[in-house]
1. Could you check how many residues of the range 21-51 are under 15 Å from residue 88 (Cα atoms) and more than 9 Å from the chain's Cα centre (by Cα)?
2. Quick one: residue 21 ticks every box in (1) at pLDDT below 95; (2) surrounded by fewer than 20 Cβ atoms within 10 Å (Cβ to Cβ); (3) under 21 Å from residue 124 (Cβ atoms) bar one, so which box is it?
C-alpha cells in the first residue's frame, strides 16, 4: 500500500515496551515500519495509535501490562490501542476485553501487525467493526503448535549500539517458565539474513551489535547452521568493532 493512501498516514503513534531486549528490538523495527507508512512517533502530543509490547515472565509483569494499557486509554482518549507480545499470546481474549483495547496480536501474527492496524483503524474511524459479532477488541492469536514464523528485528540502543534479534522461542519447557508457551518453539533467521542486517547497521553508523534472542545458543536449529558459524560470519562484517 502506498503510504499516502494508508489510513494511518500522517497519524501519531506512541509505544510502551515491557520486558526483555528482544521486545525492544521488535518495537524499534515496528516504529521504523510505521514511519515508512507516514505514521510517526508522538512527541508529547496526543497519539492516534498506541502500541503496547507486553511481557509475561511473572504475574507482576502481567499486572504492569494491564496498568500500561489502562494508562494509555486515560492519557489518549479515543486512540486506537494495539497489544502484542508474550502476554498478548497467553491471555489475548482477556486483554481484548480491557476497556480501550482495539486489537490484540499474538506471536505468529505480529509480522502483520501494521496491516492489521490499518484494517481495524480504518474500521474504527468509520464506526464499523470488521467482526460485527465481537464485543471488545479483536484478538488474533495462534495455538502454540502453529507459532513458526521468525520476525526479523533490529534496534538502536544509542548512537552506535544495535540490538539484533537472531533467534526466538525455546524448546526447553522448564516448569517455572512461561516463555516456551508465550514465544513458541525455537526458530531463527539464516546467517545470510543476520549478516545483511549487521551490514546495514554498520552502514547506518553502528559500531557495536548485541545479539538478542530467547536462547541464542539454540541458533541454527531451524536452518541447519550453528552459532559458531554465525559468529565467524559476523566477524567479517566491516565497521562493527564489538559484539
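1. Qualifying residue count, the range 21-51: 2.
2. All conditions pass for residue 21, except number (3).
The values are calculated or read from the model by the stated rules, or taken from the named source; none is laboratory data. Keep in mind the model is a prediction, meaning the values are calculated, not measured. Note that we place each Cβ from the backbone using ideal geometry, even for glycine, and neighbour counts take in every protein chain shown.
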